[in-house]
Structures are given as structure tokens and as C-alpha cells.
Amino acid sequence: MRKRSKVLIALACGMAVAFLASTVGAVTISNIQPGEDVFSYVERTKEGFDQTLYQQVIGAASAFKEGDEAIGVAADDEASRENARSLLASTKIKDLLAKSLFVDAQDKLIMDTTDPAQYAKVKNWTMGELKTFLLTKSEAEIKGIMYGLHSDIIGNVVKLMSNDELIRIGQTVFNPLPGSKIGAKGYLSARIQPNSPTDNIDDIVWQVFNAYSFAVGDLIVGTNPVDSQPHNVEAVELALRDVMQTFGVDKNNPWCVLSHIDVQAEVEKNNPGSTAIWFQSLAGVVDANKTFDLTLEKMMDYAKMRTGKYGLYFETGQGADFTNGHGKGFDMVVHESRKYGFARALKQQVAAAQTDGQGAWVHLNDVAGFIGPEVFKTREQLVRCCLEDIVMGKLHGLIIGLDICSTLHMPVTLDDLDWCQNQIAPANPGYLMALPTKNDPMLSYLTTGYQDHVRLREKFGFKIDDAMWDFFKKIEIIDQDGKPTEHFGDTLWVYYQYRLAKGDNRPMKEVYAEGQQKIDQVLARSVPLALGYGENIWDLEPETDKQMRALYDDAKVSLWAEFTPEFIATIPNAVSIATKSADREDYVAHPSSGEELNEAAVATLEKLRNSWDGQKAPDVQIVISDGLNSKAIMDEGHLMPFIQELRAELQKAGMTSSKEYVVVTNGRVRAGYKCGEVLYNKSAEKAPKAIIHIIGERPGSGHHAFSAYITRVAPATWQKAGAVDHDVTKVISGISDTGLPPAKAAQETVKLLKAM
């Protein structure tokens, strides 16, 4: 879906030619010489070393992905890709490290935490020799050198391998968590992801009961919060802790609320013991980590604090750096590998902090496919990405899990995901995500369902961690011969076991009736549960499957819907503008086009700004964008209750707001920042000014939810182009008449705004 005209700029010298498409990023490499390495090629082509061409040749060795094309480092064709791989295979490890693709403090940290003795064994090897070693040696022999491999070396060696070769390494190297079989050969674990569009406690814990009914969930229970304020995170942490402790699995099955690590630390400080393992997303370069409000020092300090069994849990994903504006000219695979190098350094710090010698759990999963078609778009690319990540994670000494996922604006279907799982499973990742169905009710994307785990266990013979398998036997989901019992898939039975563990001696019939009432309430909030199964134990119950597919179909319709003139007319004092997206297709395929305002939009906003001359600029400007789901804004009972309550709350808070609403067609989140840059560009005031950006969320949950992005900074900051980004923005998400009620969301929005 990334279609850009190829305006080729010659970077040629002599017979060796490399072309960079200025808008597509296609690199052509031809006429390489026998035995030539990357550096001799670059120097021959440019008559000296050239960093840009170096990055392009290294990137061109990667399997094609749209994200590398956007960065400007994708090979133009298969011949160029094979030539780049030939050059890379002939290049020595020490030469690659002598010329870093990009130098920053994170690169230096990775270098400092790479084992020097092991590096000395391999530094004179070519990359081709390293590939051969990895494919022909035992696990013990590989572990004798892999800690001496810098992340860039690991990221580059996977480019030289076919999918089958990546699978071979995945089947050879394992880094199980201390004291467990999680991450061991033949084991496939699960992170239960019990997300709720409203952070409803019952939604969350009943998804855990549901997972346990299928004997799924031996690694962690980790939920993504809608509201990351400490009091809300603490409430969810405590609810999950209660389930784990009641069942007596808290020593083997940690819990986590995936808020920013600062929030988790605050919750633990205020209520010691409320948290278990701590989570944080990581990026591949220092500047990208700043987008997450992270520094290397902050993370190393947190690592030093993790003195118990449950250490740190990380999430990463190819493409996250460049889509946040920090591609730095090098490819996504190496970016991803550097994230694993950062994680390896943090794992070393956690290990050094241990006080009882038992070893700490530190693990990581990618979220391959979560961003969208700007990174890659086909099922084959999803498989390739996952296999690359498995091998890179394992060679860093990590247990690596996967989120084998796709967004609903990618051409990867529900059935495609089954195919992808089957292609990837032989590489034996440490774990996969687990939801009641493939459709996340809060994040609106497709991933792995509980019964996918059952299917993969049956098909490939995978086991789960022994301690949790024993627990599932204890609650009679699995019999003593390791087979499903009559209670398999019975969520009410799990709830009954939970109540018994609480000392509840009521008759089973009474507990079941109470549980059924709870289930009905969860389902009424459009949070699915996998109740029972179909023809096979790994099949979704037919009606649940039908509902999941209906949500998928609705998402495809919602994605292409546009604001109608009639709807815009209902918005009082609407000021209509558009981004640089040529049309809806351009908007979906090229996200950056939806982040920039077109010339007419800038002129319109300047006119609005000039109308404020002679008076104080409003404290708040409300911006309304269609986002990826204009229906979320247009649905009755969504926008109007929100903005009416929002204005009332702003007035109570003593904040002024513009009477105009800026309505953006084909707007992304960053379009709101651009509005702020124009509107507050001339303000001489010192008091902070805010943009509240109301935008349709990714479709797929069935809620047609929208979000409110809240940014409040001084005018002087707005006046610095690009200074305002996600790191200074708060968000309230999951807003809909069936999710977080619009009026309540407006109240929460102003509460956050006042605290900024």
C-alpha cells in the first residue's frame, strides 16, 4: 500500500551504481566485484567512505518491508538485495563495529555490555562465517560466542538467512527464565492480555478466569490500561494480585499493568507489594526513547531496584522508531536489534541487583504488525519479521515472545493469522499473547486467542510451564494424564474454584448463577469471552466466531468512512481544514501525510489566530479529526456529549476555550500538534496553551471509540517547530457510548489538563 513515485537520484561512480529513490527509498546495487565487502564497495562507488551509502547498503540486505522503503534503505529489487547480502557476508565483524551505523549513548551502552572475551573470538570473522557457525554448531558452542556479538552484528546476520535457516537457530538456542521451563525447548507460554475498554475490573479478571479454563496463561497476566493514572493502575494491580494470590500461583504467574514504568514505580512506592514485574516499551536509539519519556539512566536505575524474582518486562516492535521520527537513516531490523541490546544491558543490571541468588525474570516480546501498513503489510512479511525477532532475541540471551498481530487497516485477515502462527511456531518462540478471541476489545487489533494456544499445543506438541500445568490439574481443567477434562473451556468452573479458594462454601449452583450474571455484564460491555468451544477444543464457539468476524467486517467499513458535510454542519463554528493526504487511500497508506497540514489549512488557521489579535489567546483550542474511524466521531451520542461536558468543565476550571472547533479531514495525532504550532505561534503570553485533539481510534473493537489527546505547553514551546510531540501529551482513550462514557471522559480530560 506504500506507493510512491520513484524519482531516482544517482549516487553512481564508475561501474558500481547505487540509486536512492528520494520518495520511495529504493537502493540499486549492481556490478559488485568478487569478494568485495561493504566498505570497499562504498569507497569504490563514492571515492571514499560515505555514511549514507553505507547505511543504504546495509539496509538493502534486509527482506523488503515498506518501513525500510520509507527510511530510504530498501533494495530496489531482488538482485540488489542479493548483491547487498553478498557484500555484507564478505565484511568482517570488527570492520562493521569500527564504523557504526549510528552513534549515540545507547550504541555505546550496548558496546560496553558486549562480552569482550567472546568478542575477541569472533572479531576477525566475516559475517558469512558467523552465519555458518550459527547454523552448524551446538547451543553450547553458540552461547560461547553470542554474548560477544554487538546488536548490530546480530541484526545484520539474520539478513543473510532464509526463513528455514532462522527456524533452525530458533530450534537450537533457548534462554529459559530462572527456575522455570518458560522459554525452554518444546515449551510455548502465554501472556494473558485481559484488556478492557473501560478498565472495568470484572472485564479484566473474568478474562483471566476464561484463559485458565483453557489452561492458558503461564507467563504473566498483563493488561493495557485505558487510564494510566496511578490510582487506576493500582486498582487493577490489586485486582490481579488478588486472583494470583487466591489461586496460590503468585510465585509462578506475575501480574502487570502496562502503564509507563514511572507510574508502576509510584504505585509500588505508595503500596508496597501491589506490583509484580514492571513493564516498559523500549526503542532503539536515545531520541526515540525520549518519545517514551525514557532515558538510559532512568532505566538502569529502575533495573537496580529490581532485587526480587520478578524483574522487568519489555515490549518492542520493528518500525516504532522511524514512525516516531527517529529512523536515523538505518534499517528497522538493526533498530529492533538495538532494542534487544538495551534489554540485554538492563538484564545484566537486574542480575547484578539480585540479593537471593535465585535469578530474576527479565523477558521481552515484539509487537510485529501492531503499527500498520507503513511498516509492512503482508502475511509473509509478518512471518519474516517474527522469525528475525525470535533469532535476534535468542542470540541476545533473552527469552523472546511474540505478538503475532495485525492492525485492521492491514490486508492480513483472521485466517491469515492462523497461517502465520503455523509458519512461526517451529522456531519455538518463548511465548505468545492470549486473548479470548483474536480481536482485542480495547486496542482494536488482531492477535492470538486462547484457543490458538490450544491448537498450537495440539499441532506442535508444545507444553506450558510445569508449575502452572500442575495448577491446571489442581483445578481440574486438565486431568492427571494431561488431557482436557469436562471442565475445559468452562469459565464458570474456574470462578467456582476461585470462590472455593476464597473459603466460599455456597452451593455450586448459587456460585454459578452469580458467575453467569457477571459474565452477562461483561458481554454487555462488548468484551468477548470464549465460552465453551466448537467442533474441536481449539475452535471458537460458533456464535462467538461469527461475532468476531462481524467486528472485522465493520472495521473495514469504518476505516474508509469519511466525515459527511451534513455531520460537519452539526458542529457549531466549525473551521474545516485538511492535511496533506491526497485522499483516504493516501492517508491510510502514508501516515505521515496525515500528520502535516496542507497550505490552505495553515492559511485558515492563521486567519483564526489573527482574529484573536488584541485579546488574550484562548487557553484551549479543541481540534476534531476523523482519524482511522470517522464513525467514532459521527456516531450519535459520541461527540456532542463530550464537547458539551468538556466546555462546562473548562469553564469550571477557569480556562477559556476558542468558540471555534477546528475540524480536520484525514488527520493523525500529530496534526493536532501542527495546529498548536500555527495557532499559538504569535502569542507573547507565558501561561501554557493547550490543544485537546479529539480523534477516531483504530476500528475493530465494535465500540467505535475515540480518544482525546491533551497537550499543554508554554507558547514559546509551541513556537519551536517539532518541539511538541507524544512525550508531552496525555491521552484519554476508549471513549464511546458503550465504553468510557463521553461525559465522564470529558471530566477526566480536564482533570488531566489541570495537572499538566
Can you give the helix-only mean residue ellipticity at 222 nm for the chain, where every DSSP H stretch with n ≥ 4 adds -39500 (n - 2.57) and the sum goes over all residues, rounded to the nearest 500 deg cm²/dmol?
-> -13000 deg cm²/dmol
Going residue by residue through region 618-630, the Karplus relation 6.51 cos²θ - 1.76 cosθ + 1.60 with θ = phi - 60° gives ³J(HN,Hα) values, rounded to whole Hz and with x marking Gly or Pro, of x, 5, 9, 10, 8, 10, 10, 10, 5, x, 8, 7, 5
In percent, how large is the relative contact order of the chain, given Cα pairs closer than 8 Å and 6 or more residues apart?
-> 11
Whole-Hz Karplus ³J(HN,Hα) for region 279-293, in order, using 6.51 cos²θ - 1.76 cosθ + 1.60 and θ = phi - 60°, x for Gly and Pro?
-> 10, 6, 6, 10, 10, x, 9, 4, 5, 5, 5, 4, 4, 8, 6
List every residue whose amide H lies under 5 Å from the amide H of S189, counting only residues 5 or more places away in sequence or on a different chain, with H placed 1.01 Å from N in the peptide plane.
-> G183, Y431, L432
What's the exposure ranking of S581, S138, S625, S683, going from fewest to most Cβ atoms within 10 Å?
-> S138, S683, S581, S625
Between their Cα atoms, which of K92/K339; K309/K377; K181/K438; K159/K298 are more than 28 Å away from each other?
-> K309/K377; K159/K298
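If you scale each eigenvalue of the Cα gyration tensor by 5 and take the root, what three semi-axes come out for region 642-756, rounded to whole angstrom and sorted largest first? Write down the numbers at each step before the final one.
Working: eigenvalues 112, 57, 27 Å².
In descending order, the three semi-axes are 24, 17, 12 Å.
Report the equivalent ellipsoid semi-axes for region 164-487 in whole Å, largest first, defined as the square roots of five times the eigenvalues of the gyration tensor built from alpha carbon atoms.
Values: eigenvalues 135, 120, 78 Å².
So the equivalent ellipsoid measures 26, 25, 20 Å along its semi-axes.
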Here, GluC sites (Glu not before Pro) of region 413-521 satisfying both criteria (DSSP loop; at most 14 other Cβ within 10 Å) are E486
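What's the exposure ranking of S707, S630, S337, S657, going from fewest to most Cβ atoms within 10 Å? Show your work: numbers first, answer last.
Values: S707 23, S630 27, S337 32, S657 18.
Lowest count first: S657, S707, S630, S337.
Note the full-extension length gain between K99 and Q33 as 0.36 nm times their separation in residues minus their Cα-Cα distance, in nm to one decimal. Kindly include the intermediate steps, with their values, before the conclusion.
On the way: separation 66, 0.36 × 66 = 23.76 nm, distance 2.14 nm.
Additional length available on full extension: 21.6 nm.
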Residues whose modelled amide H sits under 5 Å from the amide H of Y445, counting only those 5 or more places away in sequence or on another chain, are D440
Once both label points are put 7 Å beyond Cα along the C-beta direction, the Q51-K720 separation in nm becomes 2.2
Among I478, I153, what is the fewest-to-most ranking by other Cβ atoms within 10 Å?
-> I478, I153
Pop a pseudo-label 7 angstrom from the Cα along the beta-carbon direction at both N271 and V557 and give the gap in nm to one decimal.
-> 4.1
Can you tell me how much longer the chain between T307 and Q171 gets when fully stretched, taken as 0.36 nm per residue apart minus their C-alpha distance, in nm with one decimal?
-> 45.8 nm
Would you grab the residues whose amide H sits under 5 Å from the one on G534? Only those 5+ places off in sequence or on another chain, please, with H modelled 1.01 Å from N.
-> D539, L540, E541
Can you list the trypsin sites (Lys or Arg not before Pro) in region 629-711 that are in a DSSP coil and have 11 or fewer other beta carbons within 10 angstrom?
-> K686
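Can you pull out the GluC sites (Glu not before Pro) in region 609-686 whose DSSP state is coil and whose Cβ has at most 15 other Cβ atoms within 10 Å? Could you put the intermediate results ahead of the total?
Working: sites: E636, E645, E649, E660, E677, E685; in loops: E636, E685.
Loop-located and lightly packed - E636, E685.
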Using the Cα gyration tensor of region 593-661, the equivalent ellipsoid's semi-axes, largest first and to the nearest Å, work out to 23, 21, 8
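Once the Cβ-Cβ distance between A352 and A235 is put in as r, and R0 is 45 Å, what FRET efficiency do you end up with, to the nearest 0.05?
Details: r = 33 Å, r/R0 = 0.74.
The value I calculate is 0.85.
Taken together, the values in this text are just the output of simple stated rules run on the coordinates, not laboratory data. Since we're looking at a predicted model, the values are computed, not measured. Counting neighbours? That spans all protein chains shown, and the Cβs are built from the backbone with ideal geometry, glycine included.
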